[in-house]
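Have a look at the structure below before the remarks.
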Amino acid sequence: MLAGNVSAGVASADAADTPRHHANAELLDSRCAVPADRDPDITRTVYRTAVERGVTDKVLLAAFETGWVESHMNNLDCGDRDSLGVFQQRPSQGWGTPEECMDPVHATNAFLDQAVPNDADNPGFTAGELAQSVQRSAFPDRYDESEAKALALIAEVQG
């Protein structure tokens, strides 16, 4: 899984020079306070769940791009309409009960259950396009734009 130089080519920017990235949950619901940084436990859970499933590097990257864009890799109890959790999944749209959407293992598996076949059916998709095929976001370009951050998060959790 993204072994070796996973962070090669990823420039680390000085935080003072980098504008704050706003998660989709914040953009769509101003009452939803999203931490500026990831929750390390959630990041490890998403990684471990994906690795246990044996997903491809692209599917793993899509999961991390999605987690960062939607919630900054945090398990949110707020978001757009009834969106919840790290992937901002909506119980009303069939992602599970509110409790399941707030369970990071369930949420990761629900994301992967769609991402894995979508990847097989669309091998030319970038990780961001794959993420969009699952999430159907109003902001489809944000996933590919977050590739460097997602790669850095993966490298961090790989230790």
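Scanning segment 28-55 for residues that are assigned to a helix (DSSP H, G or I), at pLDDT 60 or above and among the hydrophobic types (A, V, I, L, M, F, W, C), we see that the one that is farthest from M102 (Cα to Cα) is V51.
Against the conditions (1) among the polar types (S, T, N, Q); (2) in a loop (DSSP other than H, G, I, E, B); (3) closer than 17 Å to L151 by Cβ, N74 satisfies every one except (3).
Of all residues in segment 111-143, count the ones that are farther than 11 Å from A63 by Cα and surrounded by 20 or more Cβ atoms within 10 Å (Cβ to Cβ). Counting residues in segment 111-143 that are farther than 11 Å from A63 by Cα and surrounded by 20 or more Cβ atoms within 10 Å (Cβ to Cβ) gives 2.
Note on segment 115-159: residues that are within 18 Å of M73 (Cα to Cα), over 15 Å from the mean Cα position of the chain (by Cα) and without any contact (Cβ under 8 Å) to a residue 12 or more places away in the chain amount to 1. When each of D82, D39, D77 is tested for being over 15 Å from S137 (Cβ atoms) and within 15 Å of the chain's Cα centre (by Cα), the lone residue that passes is D39.
Summed over segment 96-110, the residues that are in a helix (DSSP H, G or I) and of a type in the set (S, T, N, Q) give a count of 2.
The values are calculated or read from the model by the stated rules, or taken from the named source; none is laboratory data. All of these numbers come straight from a predicted model, not from anything done at the bench. With ideal geometry, Cβ positions are generated from the backbone for all residues, glycine too; neighbour counts draw on all protein chains shown.
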